[in-house]
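Here's the structure we're looking at; comments come further down.
Every number here is computed from the coordinates shown, using simple stated rules; none is lab data. In this text the structure is predicted, and so the values were computed from the model without any measurement. Note that we place each Cβ from the backbone using ideal geometry, even for glycine, and neighbour counts take in every protein chain shown.
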Amino acid sequence: MKFHQALFGLLLYCSCSASEGAAPQEAPPVVLPMIEMVDEPIPAPASAVRPDTVVELGSVGPLRDHPEVVAQAHDLARDSWTVRVGLRRADAFFPMIEGQLVVYGLPRELAFVPMVESVFQPEAQGRRALGLWQFTAATARAYGLRVDGSLDERRDPVKSTAAAVRYLRDLHERFGSWELALAAYNAGPSRVRRAMQARPGANFWELSEAKLLPPVTRRYVPKVIGSALLADDPERFGLNLPEGLAAVSLPRRG
């Protein structure tokens, strides 16, 4: 199943993450170097895709119809320049990310997290976060990445992706839904836990409506899913892609 040529790292103003795993809410927009093209796709590890061993960890499918997600997809469609940038950068990385998501049974829409975080730029740097997935040093080390004066593996697309997928899996296991897992990736697990303690039993949308999560996080979750929705059907949102930049049709699991 082919899941590359994805789009949209068009969400910089919302990607100033506030977590142990991403940039803090108050951080300035991610500083991005000039676009650097990668000639060949980065392949998934040879042992990564084992369909017979995949255990599904839920789906984000129902989220695609949420009004906030649809509204974000419409907003994203208005920025054709960043769509073009996102497509050109993402093409080299998506086969590798798909392989990692498949091996852990995670929804493929999560491949759009680095689009939101870094515009798919391995050197993207916030105030405290770095790389495709915008890890802080503490979370990177906790998930086995080397971060020291001589080497920073947050810049390594393959190693940082493996760490990010495991982190997202753990957040889902901890919070029980992909909405809350993404919120925790952005705002930090402790911030989401405090919100849940203030409103026991509430889901992400209810916590957002009660303003118990930061504004950045309330936008972040629907933007991630909205970017996948837009990638799946750009014409629905009035997006005409330049010649040679095809949209992605997310594979459906039957």
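For the reader, a short list of remarks on this structure follows.
- Close amide H partners of Phe135, meaning residues 5 or more places away or on another chain with modelled amide H under 5 Å apart, are Leu130.
- Per-residue 3J(HN,Hα) values for region 63-79, derived from phi via the Karplus relation 6.51 cos²θ - 1.76 cosθ + 1.60 with θ = phi - 60°, read 5, 4, 8, 5, x, 5, 5, 4, 5, 5, 4, 4, 4, 5, 5, 7, 10 Hz in sequence order (x marks Gly and Pro).
- Residue-wise HN-Hα couplings along region 196-206, as the Karplus relation 6.51 cos²θ - 1.76 cosθ + 1.60 with θ = phi - 60° gives them from phi, are 5, 5, 6, 9, x, x, 6, 8, 4, 5, 5 Hz; Gly and Pro carry x.
- In region 82-218, the convex hull through the Cα atoms has an average projected area of 8.5 nm², a quarter of its surface area.
- The stretch between Arg78 and Ala138 holds 18.0 nm of extra length on full extension. This uses 0.36 nm per residue minus the Cα-Cα distance.
- Look at the Cα gyration tensor of region 136-194: its axes a ≥ b ≥ c give a/c of at least 1.5 with a/b over b/c, and that counts as prolate.
- Least to most buried among Phe135, Phe93 (fewest other Cβ within 10 Å first): Phe93, Phe135
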